[in-house]
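The values are calculated or read from the model by the stated rules, or taken from the named source; none is laboratory data. None of these values were measured; they are calculated from a predicted model. Positions of Cβ are backbone-derived with ideal geometry, glycine not excepted, and every protein chain shown enters the neighbour counts.
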Amino acid sequence: MRGRFSGEIFIRAISIALILAAWGIASAVANDPQLLPGPVPVARKMASEAATGELWIHLFATLMRVLAAFVLALAVGIAVGMFMGRNRTANSWLDTLLVLMLNLPALVIIVLCYLWIGLTEAAAVTAVALNKIPTVVVMIREGARALDRKLDEVASVFHVPPGVRIRHFLIPQMAPYIAASSRSGLSLIWKIVLVVEFLGRPNGIGFQIHLGFQLFDVTLVLAYALTFVIVMLAVELLIIQPVEVRANRWRQA
């Protein structure tokens with residue numbers, strides 16, 4: 001197990017080195033720092049922004065929005081998905097709305113939330129959550145449909161208490177679907193958060209990218225974008241993937 005983990009780290013390190021090398025070569029070929037700055041200038045910009053404290057302020061603001069939208073989307077999505085998956089009538093009534101929300105462009109939802117609620121934190125978080133809830137519902141609904149009916153019958157015959165039934169019968173079966181929706185949801189949510197900040201917030205990574213766009217400062221744009229990408233990759237590797245592996249472990253038992 002340790003050797004496999006070390007091998008994965010080595011492969012990831014090599015892939016990152018290759019990406020940086022390709023970036024450096026492309027920058028050298030372009031020969032225009034205003035068009036495509038190399039890794040070194042971008043790293044220096046990241047360091048200078050971190051030294052002034054600006055980077056941490058905007059990174060924290062964005063992470064808080066990501067966390068709030070993630071929790072809201074997951075909570076609502078799990079509840080609605082379980083309801084639709086376990087109730088055919090509810091699924092028939094809500095399926096059309098679900099398909100509509102799945103195909104509604106994220107930009108439209110963001111603009112409508114800002115127009116209806118205002119340029120507030122509530123509008124920003126709501127817009128991001130609304131974009132993610134439908135995909136969570138779809139995955140959880142499929143998980144609810146795949147639940148083993150025989151386990152329900154066993155629980156009913158032996159009069160298993162609701163709390164025990166949820167903990168030992170429902171959660172183990174639904175854990176892989178919840179983990180998968182969490183993983184895909186996080187990757188979608190942070191991208192939408194940047195758009196929300198770009199359009200109507202006074203701080204955050206998206207706001208700084210907007211500032212770089214206005215100044216035509218590609219180095220600033222890349223510095224803030226890469227900072228957040230690095231943070232989200234760390235969350236993916238250190239939190240999301242281990243949770244997903246743990247959630248699927250019972251299948252291999």
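What the table below lists for this structure:
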| quantity | calculated |
| --- | --- |
| Filtered residue count, the stretch 218-234, keeping only those that are surrounded by fewer than 17 Cβ atoms within 10 Å (Cβ to Cβ) and either more than 22 Å from ALA13 (Cα to Cα) or of a type in the set (Gly, Ala, Ser) (or both) | 1 |
| Breaking point among (1) acidic (Asp, Glu); (2) outside any helix (DSSP H, G or I); (3) surrounded by 12 or more Cβ atoms within 10 Å (Cβ to Cβ), for ASP95 | (2) |
| Residue that is more than 23 Å from the chain's Cα centre (by Cα) and either part of a helix (DSSP H, G or I) or not small (Gly, Ala, Ser) (or both), where the choices are ALA75, ALA22 | ALA22 |
| Residues that are in contact (Cβ under 8 Å) with a residue 60 or more places away in the chain, under 18 Å from THR120 (Cβ atoms) and outside any loop (DSSP other than H, G, I, E, B), drawn from the stretch 195-209 | VAL195, VAL196, GLU197, LEU199, GLY200, GLY206, PHE207 |
| From the options ILE57, ILE78, residue that is over 17 Å from GLY206 (Cα atoms), in contact (Cβ under 8 Å) with a residue 24 or more places away in the chain and of a type in the set (Val, Ile, Thr) | ILE78 |
| Count - residues of the stretch 16-34 that are surrounded by fewer than 12 Cβ atoms within 10 Å (Cβ to Cβ) and at pLDDT below 85 | 4 |
| Close pairs (9 angstrom Cβ cut-off, 6 or more residues apart or separate chains): at pLDDT 90 or above in the stretch 95-117, hydrophobic (A, V, I, L, M, F, W, C) and surrounded by fewer than 13 Cβ atoms within 10 Å (Cβ to Cβ) anywhere | CYS113/ALA122 |
| Selected residue (criterion: surrounded by the most Cβ atoms within 10 Å (Cβ to Cβ)) from residues of the stretch 62-91 that are small (Gly, Ala, Ser) and at pLDDT below 90 | GLY85 |
| ILE140 of a type outside the set (Lys, Arg) and at pLDDT 80 or above | yes |
| Unique residue being modelled with pLDDT of 85 or more, under 14 Å from the mean Cα position of the chain (by Cα) and in a helix (DSSP H, G or I) when the list is VAL221, VAL229 | VAL229 |
